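The values are calculated or read from the model by the stated rules, or taken from the named source; none is laboratory data. No experiment lies behind these values; they were computed from the predicted model shown. Cβ: placed from backbone, ideal geometry, glycine included. Neighbour counts: every protein chain shown.
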Amino acid sequence: MLNNQTSHSPTTDLSPSSRCVRVCQNRTCKKQGSAKVLAAFKASVAAGVTVAGTGCLGQCGNGPMVLVLPDRVWYSGVRPSQVSLVVEQHLLGGG
Ligand code: FES
């Protein structure tokens, strides 16, 4: 198990090098497969990126919902097969 002891900044004040991927694990998103999406992100996480499950992101029905901070970029209807694309093009590509 990883023990990431980096400093704890407020979630809205993360530097681009310390991004956080939040994957909704609340009821509606879970029914839409968000547990597998979370597992896929955890399996392919980029250096300096934290991945965490979260409560309802207020976008129920459009899930599984993913929010990347501090960029505030949302992804809706994410499939596990699409996770590698998000990692490559957003988390590694800086976009
Ligand atoms: S249950 Fe995922 S956004 Fe509400």
Among (1) within 16 Å of the ligand (Cβ to nearest atom); (2) modelled with pLDDT under 95; (3) not β-branched (Val, Ile, Thr) - the single one residue 91 does not satisfy:
(1)
Among residues of the range 65-78, those that are touching a residue at least 12 places away in the same chain (Cβ under 8 Å), more than 7 Å from the ligand (Cβ to nearest atom) and touching a helix residue (DSSP H, G or I) at 6+ places or on another chain (Cβ under 9 Å), counted
7
Members of the range 44-67 that are modelled with pLDDT of 95 or more and small (Gly, Ala, Ser):
52, 53, 55, 58, 61, 63
Scanning the range 30-58 residue by residue, the ones that are closer than 16 Å to residue 79 by Cα, in a loop (DSSP other than H, G, I, E, B) and near the ligand (Cβ under 10 Å from one of its atoms) total 1
Within the range 9-20, identify whether any single residue is under 14 Å from the mean Cα position of the chain (by Cα) and at pLDDT 95 or above, and answer yes or no.
yes
Neighbours by Cβ (under 6 Å, 6+ apart or cross-chain): first from the range 32-60, among the β-branched types (Val, Ile, Thr); second near the ligand (Cβ under 8 Å from one of its atoms) and assigned to a strand (DSSP E or B)
54/24
